[in-house]
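Participant: Take this structure, written in structure tokens, and hold onto it; I'll ask about it next.
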Amino acid sequence: MDVRAAVAFEAGKPLQIETVQLEGPKAFEVLLEIKATGICHTDEFTLSGADPEGLFPAILGHEGAGIVVDIGPGVTSVKKGDHVIPLYTPECRQCPSCLSRKTNLCTAIRGTQGKGLMPDSTSRFSFGGKPVFHYMGCSTFANFTVLPEIAVAKIREDAPFEKACYIGCGVTTGVGAVVNTAKVEIGATSIVFGLGGIGLNVIQGLRLAGADMIIGVDINPSRKEWGERFGMTHFVNPKEVEGDLVAYLVNLTKRGADQIGGADYTFDCTGNTTVMRQALEASHRGWGQSIIIGVAGAGKEISTRPFQLVTGRVWKGTAFGGARGRTDVPKIVDWYMEGKIEIDPMITHLLPLEDINRGFDLMHSGESIRSVVVY
Ligand code: NAD
Ligand code: AHE
Ligand code: ZN
């Protein structure tokens, strides 16, 4: 079938809107009509050429919501008409990782997914007779896409697509990093570096978990107002700090008798490896946990003095907020529909597919929190 898609033909070049061909679902696959998709910084990361797994030409996009319009042989967990969110972290419930209960990183299809292919090692998309790669197993920058059934979460039908799509990455990643990965407790102190589409969701997750002190750090001054809207208690712009940022933050978090300082939990939501080090070193001696959410480009490495870890700080990472997609995503949709978490104010721009490159421009200029393409 013909579908409308924003195709990434080359790293660093704008997406091109084209009519591409999509084959129907094979066994254990579903055809989705995508109704809305967010633009995440990770799409920009891959489009920029910094992603070591980046492949071109590809149809990017991994933060979508839509409807099942066809199913392949053997599909049992969803049916035509179901509303779903595509999952870049699937949940097969059978692989050693799923069965371990220690991680959400299902390994059932990760190999082919990283090669831009479906589990049978072929692509369903083509343009001019040549294959076009899938992206993160989702390719939501097309109005129709094909996914394995283990990579879709069925959600309630009254959730609006243009809001629910954000749960496909940003909301779940940010809130999940707090509740699943860090397991933040009531009264904790915390620092969030980078107050964009992910960091603001970390902030609302911290508010939900009952953190006392929620410090936001961002080089964009307009993010102060944004952070405060979701529960941030203090804002720090590194450009306005004289001297060492880590020392400043450690001082700000001093409380109680020992006056050591450092936050119980810190989160990197920038993808900048210098910031990742600052986040670790601004966590509390003896027990501070620093959670890396940001994704850094090929060749980038993190470093610190081993002393930082010897003295009890813990470096952790999280993908998709540690969420098991088919199990947890429908619950997060419920949280949104029940008013436990907010989404609407963070969706600052709605765009037609034809204007998708404007969504990337708005991200670069710091004007948007989330742009959502509505088909
Ligand atoms: P974004 O562009 O919306 O936000 C990034 C924010 O970081 C901006 O507010 C920017 O001003 C701020 N920033 C940049 N440099 C900074 C610095 N030196 N100090 C302080 N703040 C700084 O991006 P996003 O969509 O929120 O994504 C954030 C990161 O998380 C990206 O690296 C993205 O790839 C990654 N990500 C990871 C996961 C995961 O599962 N681990 C999921 C989604 C996104
Ligand atoms: N391809 C990149 C890795 C990118 C990455 O870490 N992606 C996150 C999700 S970001 C969503 O916006 C993720 O899920 N990681 C786990 C995984 O299996 O990819 C690289 O650096 O190679
Ligand atoms: Zn994302």
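Participant: Restricting attention to segment 74-126, report how many residues are away from ligand 3 (no atom under 16 Å from the Cβ), part of a loop (DSSP other than H, G, I, E, B) and of a type in the set (A, V, I, L, M).
Facilitator: Result for segment 74-126: 6.
Participant: Can I ask one more? Check Gly317, Gly297 and return the single one that is within 13 Å of ligand 2 (Cβ to nearest atom) and more than 21 Å from Arg101 (Cα to Cα).
Facilitator: It is Gly297.
Participant: For segment 10-47, what are the residues that are within 16 Å of ligand 1 (Cβ to nearest atom) and of a type in the set (A, V, I, L, M)?
Facilitator: Once the filter is applied, which keeps residues that are within 16 Å of ligand 1 (Cβ to nearest atom) and of a type in the set (A, V, I, L, M), segment 10-47 yields Ala11, Ile39, Leu47.
Participant: Could I ask something else about it? Residues of segment 357-375 being part of a helix (DSSP H, G or I) and over 22 Å from Leu200 (Cβ atoms), which ones?
Facilitator: Listed by number, the list holds a single entry, Asn357.
Participant: Among the residues in segment 261-281, are any hydroxyl-bearing (Ser, Thr, Tyr), more than 16 Å from ligand 2 (Cβ to nearest atom) and in contact (Cβ under 8 Å) with a residue 60 or more places away in the chain?
Facilitator: yes
Participant: I've got another one for you. Mind checking whether some residue in segment 307-319 is closer than 17 Å to Val178 by Cβ and in contact with a Cys (Cβ under 9 Å, 6 or more places away or on another chain)?
Facilitator: No, segment 307-319 contains no residue that is closer than 17 Å to Val178 by Cβ and in contact with a Cys (Cβ under 9 Å, 6 or more places away or on another chain).
Participant: Please give the strands (runs of 3 or more DSSP E) falling wholly within segment 163-239 in which 2 or more residues are aliphatic (A, V, I, L, M) and under 26 Å from Ile39 (Cα atoms). Quick ask: steps written out before the conclusion?
Facilitator: Numbers: elements: 189-193, 213-217, 234-236.
In segment 163-239, the matching strands (runs of 3 or more DSSP E) lie at 189-193, 213-217.
Participant: Still on this structure, please answer the following. Mind telling me which of the residues Asp120, Asp158 ends up being on the phi < 0 side of the Ramachandran plot, touching a Lys or Arg at 6+ places or on another chain (Cβ under 8 Å), acidic (Asp, Glu) and surrounded by fewer than 17 Cβ atoms within 10 Å (Cβ to Cβ)? Let's see the steps before the verdict.
Facilitator: On the way: Asp158 fails: touching a Lys or Arg at 6+ places or on another chain (Cβ under 8 Å).
Every option except Asp120 fails the conditions.
Participant: Have a look at Ile191, Ile150 and point out the one that is β-branched (Val, Ile, Thr), over 13 Å from the mean Cα position of the chain (by Cα) and more than 16 Å from ligand 2 (Cβ to nearest atom). Talk me through it step by step, then tell me what you get.
Facilitator: Numbers: Ile150 fails: more than 16 Å from ligand 2 (Cβ to nearest atom).
Exactly one residue qualifies, and that residue is Ile191.
Participant: Now, a different point. Please give the number of the condition Ser77 fails out of (1) of a type in the set (Gly, Ala, Ser); (2) open to solvent by less than 20 Å² (accessible area, probe 1.4 Å); (3) touching a helix residue (DSSP H, G or I) at 6+ places or on another chain (Cβ under 7 Å).
Facilitator: Here Ser77 clears every test but (2).
Participant: Give me the pairs: first residue in segment 121-134 and at pLDDT 95 or above, second residue among the basic types (Lys, Arg) and open to solvent by less than 70 Å² (accessible area, probe 1.4 Å), beta-carbon distance under 8 Å, and six or more apart or on different chains, which are they?
Facilitator: The qualifying pairs are His134/Arg124.
Participant: Another question, if that's okay. Just checking, which of Thr107, Thr112 is under 24 Å from Lys154 (Cβ atoms) and open to solvent by 30 Å² or more (accessible area, probe 1.4 Å)?
Facilitator: Of Thr107, Thr112, the one residue that is under 24 Å from Lys154 (Cβ atoms) and open to solvent by 30 Å² or more (accessible area, probe 1.4 Å) is Thr107.
Participant: Next up: Inspect segment 162-183 for any residue being within 20 Å of Lys79 (Cβ to Cβ), of a type outside the set (Val, Ile, Thr) and touching a helix residue (DSSP H, G or I) at 6+ places or on another chain (Cβ under 7 Å) and give the result as yes or no.
Facilitator: Yes, segment 162-183 contains a residue that is within 20 Å of Lys79 (Cβ to Cβ), of a type outside the set (Val, Ile, Thr) and touching a helix residue (DSSP H, G or I) at 6+ places or on another chain (Cβ under 7 Å).
Participant: State whether the residues of segment 332-355 include one that is touching a Leu at 6+ places or on another chain (Cβ under 7 Å) and either assigned to a strand (DSSP E or B) or hydroxyl-bearing (Ser, Thr, Tyr) (or both).
Facilitator: The answer is yes, given that some residue of segment 332-355 is touching a Leu at 6+ places or on another chain (Cβ under 7 Å) and either assigned to a strand (DSSP E or B) or hydroxyl-bearing (Ser, Thr, Tyr) (or both).
Participant: Can you name the residue in segment 253-271 that is more than 23 Å from Asn180 (Cα to Cα) and open to solvent by 50 Å² or more (accessible area, probe 1.4 Å) and is also farthest from ligand 1 (Cβ to nearest atom) among such residues? Working first, answer last.
Facilitator: Here is the first cut: in segment 253-271, the ones more than 23 Å from Asn180 (Cα to Cα) are 253-261.
Now narrow it down to the ones that are open to solvent by 50 Å² or more (accessible area, probe 1.4 Å): 254-260.
On the way: Lys254: 22, Arg255: 23, Gly256: 27, Ala257: 31, Asp258: 28, Gln259: 26, Ile260: 24 Å.
Result: Ala257.
Participant: Go through segment 282-301 and give me each residue that's surrounded by fewer than 17 Cβ atoms within 10 Å (Cβ to Cβ), touching a residue at least 40 places away in the same chain (Cβ under 8 Å) and more than 17 Å from the chain's Cα centre (by Cα). Give the steps one after another, and end with the answer.
Facilitator: So in segment 282-301, the residues surrounded by fewer than 17 Cβ atoms within 10 Å (Cβ to Cβ) come out as 285-287, 297-301.
Filter once more, so that each one left must be touching a residue at least 40 places away in the same chain (Cβ under 8 Å): 297-298.
Ala298, the sole residue that qualifies.
Participant: Among the residues of segment 93-132, how many are closer than 20 Å to Ala65 by Cα and more than 20 Å from the chain's Cα centre (by Cα)?
Facilitator: Final tally of qualifying residues: 3.
Participant: If only one of Ala279, Ala296 is in a loop (DSSP other than H, G, I, E, B) and among the aliphatic types (A, V, I, L, M), which one is it?
Facilitator: Ala296
The values are calculated or read from the model by the stated rules, or taken from the named source; none is laboratory data. Note that the structure is a prediction, hence the values are computed from the model and not measured. Virtual Cβ from ideal backbone geometry, glycine too; neighbours counted across all protein chains shown. These area figures cover heavy atoms from the full protein model, side chains too; ligands, DNA and RNA do not enter into them. Shrake-Rupley method; radii C 1.70, N 1.55, O 1.52, S 1.80 Å.
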